[in-house]
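Single-structure report; data block below.
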Amino acid sequence: MRFPVLVSAALLIASTAAAAEIQPPRITLTQVDWTAAAASIANPGDGAPAAQFARLNAQTDARFPGLAKSSVPVLLPIAIDAFRADAAADRPEAKTSDAYFGPFHPSKFFLAGPGGYSAVFMLNQGDGGFRVHYKKKPIEIEITGAGFTYDLDGPENQQVFPAKDLEATFPGIKRILREAHVRYVFERFGVPYVVSIQCYDRRPSSRFLSCREADPIAVRFLSLLNTAGGAPQTLATPHLDLTEPQAKSDFTYYGPGDLIPNTGWHKLPGRADYHVYADMRFPIADAPAYVKSQSFMPWGDCYRSGHTGRLGRKDGSYTCKVNGIPLTFNESAAVNFNYPWRDNFCELRDFQVGQCPGGFGHQGEDIKPGNCVMNNEGSDRCLPYQHTIAAVRDGLIWRLPGNLAAYLVINTPNEFVRFRYLHMNPKYMDEDGLVSGRQVSRGEIIGKVATWGDFENGTSYHLHFNMQVMTKVGWVWVNPYMSLVLAYERMIGGRGTELHEGDTLPPVPDKPPVVLHPPLVPQPKPIIAETVSAKTTEANTTTDAKGGEPETKPASVETKPDPNAPQPPTTEAKPGDAAAKADAKAGVEAGGTANAGVEPAAKPAPAPSDRNSTAGQ
């Protein structure tokens, strides 16, 4: 049995109108039947459930550190009796062997806490006898048990099916297709559990895992589940401090759900979600920063909606057909690096997003850092690796080496959420150890803003930032916009102003890019009179050997370009050259592929994986 509660919040905000804008999430606490859970343990021993689980935890904690912190019974695909026997006999296999887990292998991601627990297991190619066409990487199987869940408003945009073959073992179990995952959702001991595998509801392919191929894997995983640990504890009502700064600032933003006109799926509106789901710092390390569309602002490609005018020529004029707003082909356009912010969570994309009105959207927010740094005046795009990215909270990283996305998972008394970072260079993430099992701290620098789509220069210069919360059907994308607004206000120490339809907008301030290699201005040779002394002539020559003013130094940038990248060329680009030709040689990884200045055209099928691909993000 579970009881809905409203997260308590310290809304110490001056005006009543402002207080109504930011809202705490709605949460349902889980009421665990620990007596029933203890009865599922073979040979539990004497005492109350707390003592019985303490003995179990003492044996399993060596393989799953921190398991006793879970507020719910931990179910794992483990031959628990054999494991306990070997652990009691102090056999080394209990500490190292994966034979207890059937065809599955524990990954380095396991996180337990007041919110429950989350674990990831791997299925290597060829293991288990499953017929799978997908061969790129091991298949990841997630299992989560929730100490509390987030209650979201509709729509849900999901498909629900009965799982009759599993009903006898898991009464009430449902098979759900949602947001490119097959999910098996059931309740045991009063706890909501979800087993989930990323897949696509399409024909099998070597490029992705189909959900039909994922189903037998999930069923086998479910058949191996046993109680492996946890500890009885009393959960308090989660609490978020939503206090905004009292001082005013020049920060302005459009409200959540207020997309650029007609840029939603089938021109539908966005998600007007004023909930703040986590107490977090801002993901770009330094202010200013700007939440902006990458597809429907200057230099964007209009994401499959068509355009008029020419793309690929610097400062060329064009429009996206969905709204006809005039754009210029120049990523450094001042409007891209100024307020106001604009939500793009439900912007036109082919990704499944249950919270968006049409069931499809962008999944997160695109964020630009404070300014654009260009190689030379002929460039039309920004160089990567000029600004740093920070961890928004203390938490645990979930990421396979080589993956394009990094998840940061948070499990505290007040939040059970996870954040996703996209478009950092995966090579550098691997080198920096940003992989599963790494603990990071709030504010710790974890990477640099880059242009990595599925390859270097595969997208614009920005960070794509997502947020998921644990619900009764598993991890679900939610709009992080207002969480970002509050985090940004706290970073700059000032309250922002929400803009509404009809408000007069101030003119966009000029904000030219930083140009690393500006052109040299030719200077006339000095005319030296014959009467000038040799000493004077020598002094003039020493001051400026070329007879002109000292060369202008480029303005400083916020962070240094990546030290591993080759040095950019020092020659000026020819007028009209495509910027990608010059920038592909500057400030990027050796051997990187240049882009003609727009995000690559997405392939028609399948939709890119939310962990292993970033096209269109």
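Every number in this text was worked out from the coordinates using simple rules, so none of it is lab data. These figures come from a predicted structure and were not determined experimentally. Quick reminder, even Gly has a Cβ in these numbers, built from the backbone with ideal geometry, and neighbours come from all protein chains shown.
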Next on the checklist: Output wanted: per-residue J couplings in Hz (rounded whole) for the stretch 221-226, from phi through Karplus 6.51 cos²θ - 1.76 cosθ + 1.60, θ = phi - 60°, x for Gly and Pro.
Outcome noted: 4, 4, 5, 9, 5, 9
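Of the GluC sites (Glu not before Pro) in the stretch 399-508, which ones lie in a loop per DSSP and count no more than 10 other C-beta atoms within 10 Å?
Values: sites: Glu415, Glu431, Glu444, Glu456, Glu489, Glu498, Glu501; in loops: Glu415, Glu444, Glu456, Glu501.
Answer by residue number: Glu501.
Just in the stretch 52-159: which trypsin sites (Lys or Arg not before Pro) are loop by DSSP and have at most 12 other Cβ atoms within 10 Å?
Values: sites: Arg55, Arg63, Lys69, Arg84, Lys95, Lys108, Arg131, Lys135, Lys136; in loops: Arg63, Arg131, Lys135, Lys136.
Passing sites in the stretch 52-159 are Arg131, Lys135.
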Item to check | Rg over Rh [alpha-carbon atoms, Kirkwood Rh] for the stretch 465-514 | outcome: 1.14
Item to check | Three principal axis lengths of the stretch 122-256 [C-alpha, angstrom, descending] | outcome: 62, 40, 27
Next on the checklist: Rounded, prolate or oblate for the stretch 36-168? Axes are the square roots of the Cα gyration tensor eigenvalues, ordered a ≥ b ≥ c, and the cut-off for rounded is a/c under 1.5.
Outcome noted: oblate
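Using 0.36 nm times the number of residues separating Asn323 and Val508, minus their current alpha carbon distance, what extension gain do you get? Don't jump to the answer; show the numbers that get you there.
Details: separation 185, 0.36 × 185 = 66.60 nm, distance 2.03 nm.
Gain on extension, Asn323 to Val508, equals 64.6 nm.
Just flag the trypsin sites (Lys or Arg not before Pro) in the stretch 147-180 sitting in loop per DSSP whose Cβ has no more than 15 other Cβ atoms within 10 Å.
Working: sites: Lys164, Lys174, Arg175, Arg178; in loops: none.
Passing sites in the stretch 147-180 do not exist.
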Item to check | Cα centroid separation - the stretch 435-469 against the stretch 149-201, whole Å | outcome: 29
Checklist outcome for this item: Taking a ≥ b ≥ c as the square roots of the Cα gyration tensor eigenvalues, with a/c under 1.5 meaning rounded and otherwise prolate when a/b beats b/c or oblate if not, the stretch 297-401 comes out oblate
Checklist outcome for this item: From the cross-link list Lys368/Lys427; Lys267/Lys292; Lys135/Lys267; Lys95/Lys137; Lys69/Lys472, the entries with a Cα-Cα span beyond 29 Å are Lys135/Lys267
